[in-house]
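These notes are about the structure you will find just below.
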Amino acid sequence: MNTYEKAAMGKWMLIALFTMVSVELVTAQTAMINIQSRDRTSLNGEWKALVDPAGRGEYLRVWLEKKPQKKTDFFEYSFEGAPVLKVPGDFNSQMPELTYYEGTVWYKKQFTSSLQPGKRLFVYFGAVNYLADVYLNGEKIGSHEGGFTPFQFEITGKVRKGENSLIVKADNRRLKNGLPGTGYDWFNYGGITRDVDLVETSNTYIEDYFIQLKKSSLDTVRGWVRLNGPETIQKINIRIPELNLAHSTKTDGKGIARVEFSSDFDLWSPENPKRYEVIVESETDTVTGQIGFRSIEVRGDEILLNGQPVFLKAVNIHEENPYEGKRTYSKEDARQLLTPAKELGCNLVRLVHYPHSEHMVKEAEKMGLMVWNELPIYQHIQFSDSLMPQKMENMLHEMVRRDRNRCGVVIWALSNETYPGTPGRNKALAELTRKCRAADPTRPVTHVTNTQNYENNTFGVKDSLYLHSDIVSINEYIGWYIPWQGRPPDTRWNIAFPDKPVFISEFGGEALYGNNDGPADEAAYWTEGYQEKIYTDQVKMFGTIPNLSGVCPWLLFDYRSLGRMHPVYQQGYNRKGLLSENGDKKKAWYIMKKYFKSK
Ligand code: GCB
């Protein structure tokens, strides 16, 4: 391509990008709400629960809550006298008989409302795994698919003054055409796993906003504010009191205001996790958020944070409370997982393999940990299923919408270990990447693969998915699933994308904590010594990788996974943790800690 062609191409891309951004802004016009910075009335707590392994609840129409009129009336279900489950929380860890359950549970919560005329009300679910049908006072108000992203329904006009009954059918059965599909290496915790809230707004409310530094800039915010409701044309003020900053703009007939302002920000970074109170005001609504400002970009073969090259010292984390063997859901749970990541010397957490709760993302940001947010497009996904494009797109938007104002989030990861031969994969993921960049032009996007070839101690990395990836993210388990084919420091690399940064997104091996028989150099599989050796070799090999921009061991804690069947060493746990499920440090922990200290 000559200079002229390059310039023309650049211009075309800019026009395309602007058009795409506009499309995303104007299409999301159904009643939606970004509740991140809003007051909420929590519906957390005890919910009545009916376990329905036979799937009879549909036939019985339990949402109608019929009660017998006469003593002899037939009835076979009742929420009265039903056991209770805590929300948020998975059901598997709350009742011994549900430990391995994959099926339906009907949940019920009573609440009172005194919604005033002219106000609007939404019911918000942080996540329900995997399918949810929601009923209010006997009427279906909506359904949702996907176990790890938030959803909501407007209930203005449906909610009653006084008592209301909210019923949720939660079904965590695996679907062939689900996201993820049927096979995955983590525990399938089901139920209403995250917070449930009521959110009240004015008739025309601030539906969403995007307030982050524009790409490559250290001082200029470029974004938008979007209203929902009849009074679309309004004056908007954005204030950051600590910076003495006040910016005014105006919405158009579609309720959208462009935002652009500059300031001398104290930039967010792992060393300085600074956030500001940002107040967004319209004439009818006000929301207040804690927002940090930083720039993140891939330039050439480097990742730049605030304009400076950064090496990603990362660790993989599953959303499981290891000590209690349950899905994490609270701020405290999040801190429990993130504190050892800090201790290890990390500056980034790869939250696998699905979007984690808002608490994880917010606490990480506060603690100075960059966040990698990932979609559950994992291994064997049925890309050619006719419903798949829509499912992927919905999930993408739910993830981006929730976290686009979180400066801690620095990477959108769209897939993990999909296979080049899967029909429809390349087209589907290229399209998804385009949509992701349109929804958020500021953050790098990546795909992770494990399909590289390793022969004669040489890696061949050529999956065409990396054409759509700002970072070449590689999972490799040399020393565990695949034996070394030479000395680790002699490893060679043929990477078909020499101009991009490389990130080793997974490596490691399993060890049962305390299994320490024999000297380290004779150590056998499953010992801490063998795992330590894998880490020592990997660290030697890292020095051979061109454009290496970070590494991320698999993973922080041992975690539950049904496929891990070894009766002595695994007992239903994936044992690749640097820490046991009780938080004990394995020998490999110290190798990793030393490596991160040296970077
Ligand atoms: C992988 C997957 C991860 C697994 C891990 C393992 O490549 O991305 O989800 O759990 O390997 O332990 O095998």
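Looking at segment 198-304, the accessible area is 41 square angstrom per residue; that uses a 1.4 Å probe and ignores ligands, DNA and RNA. For the chain, the equivalent ellipsoid derived from the alpha-carbon gyration tensor has semi-axes of 39, 33, 21 Å in decreasing order. Excluding ligands, DNA and RNA, the accessible surface per residue across segment 63-135 is 50 Å² with a 1.4 Å probe.
Descending by average beta-carbon neighbour count within 10 Å, the peptides 265-272, 526-533, 132-139, 351-358 line up as 351-358, 526-533, 132-139, 265-272, the highest first.
In segment 241-364, a dipole from Cβ-located charges (positive for Lys and Arg, negative for Asp and Glu) runs towards its positive end, and of Pro322, Ala257, Thr339 it is Pro322 whose Cα lies farthest in that direction. Put a plus charge on the Cβ of each Lys and Arg, a minus charge on the Cβ of each Asp and Glu, and nothing anywhere else: the dipole of segment 558-599 about its Cα centre is then about 340 debye.
Compared with the rule-of-thumb size 2.2 N^0.38 Å for a compact globular protein, segment 332-487 has a Cα radius of gyration ratio of 1.11.
Taking the average, over residues, of other Cβ atoms within 10 Å as the packing measure, peptides 490-501, 237-248 rank 490-501, 237-248 from highest down. Which helices of the chain meet both criteria: a Cα extent of 30 Å or more along the helical axis and a mean Kyte-Doolittle score no lower than 0.5, with helices taken as whole DSSP H segments? Span-like helices in the chain: 3-27.
Debye-formula intensities of segment 413-507, expressed as log10 I(q)/I(0) at q = 0.12, 0.14 Å⁻¹, are -0.40, -0.54 (one equal scatterer per alpha-carbon, no solvent). Comparing Tyr573, Gln152, Leu85 along the charge dipole axis of the chain, the residue lying farthest to the positive side is Gln152, per the Cβ-charge model. Simple point charges give the picture: +1 on the Cβ of Lys and Arg, -1 on the Cβ of Asp and Glu, and for the chain a dipole about the Cα centre of about 720 debye. Here segment 136-183 is assigned +1 on the Cβ of each Lys and Arg and -1 on the Cβ of each Asp and Glu. Its dipole about the Cα centre then comes out at about 120 debye.
Assuming a ≥ b ≥ c are the square roots of the Cα gyration tensor eigenvalues, decide whether segment 274-336 counts as rounded (a/c under 1.5), prolate (otherwise, with a/b larger than b/c) or oblate. Oblate. Apolar share of the accessible surface for the chain: 52 percent from carbon plus sulfur atoms, 1.4 Å probe.
Secondary-structure-derived ellipticity at 222 nm for the chain, considering helices only, amounts to -6000 deg cm²/dmol, per-run term -39500 (n - 2.57) for DSSP H runs with n ≥ 4. Remark on Ala413: its backbone amide H falls under 5 Å from those of Asn373, Glu374, Leu375, Thr446, a criterion applied only to residues 5 or more positions apart or on other chains, H modelled at 1.01 Å from N.
The values are calculated or read from the model by the stated rules, or taken from the named source; none is laboratory data. The structure displayed is predicted, hence computed values, not measured ones. All Cβ positions, glycine included, derive from the backbone under ideal geometry; neighbour counts span all protein chains shown. These accessible areas exclude ligands, DNA and RNA; they are computed on the full protein's heavy atoms, side chains included. Shrake-Rupley method; radii C 1.70, N 1.55, O 1.52, S 1.80 Å.
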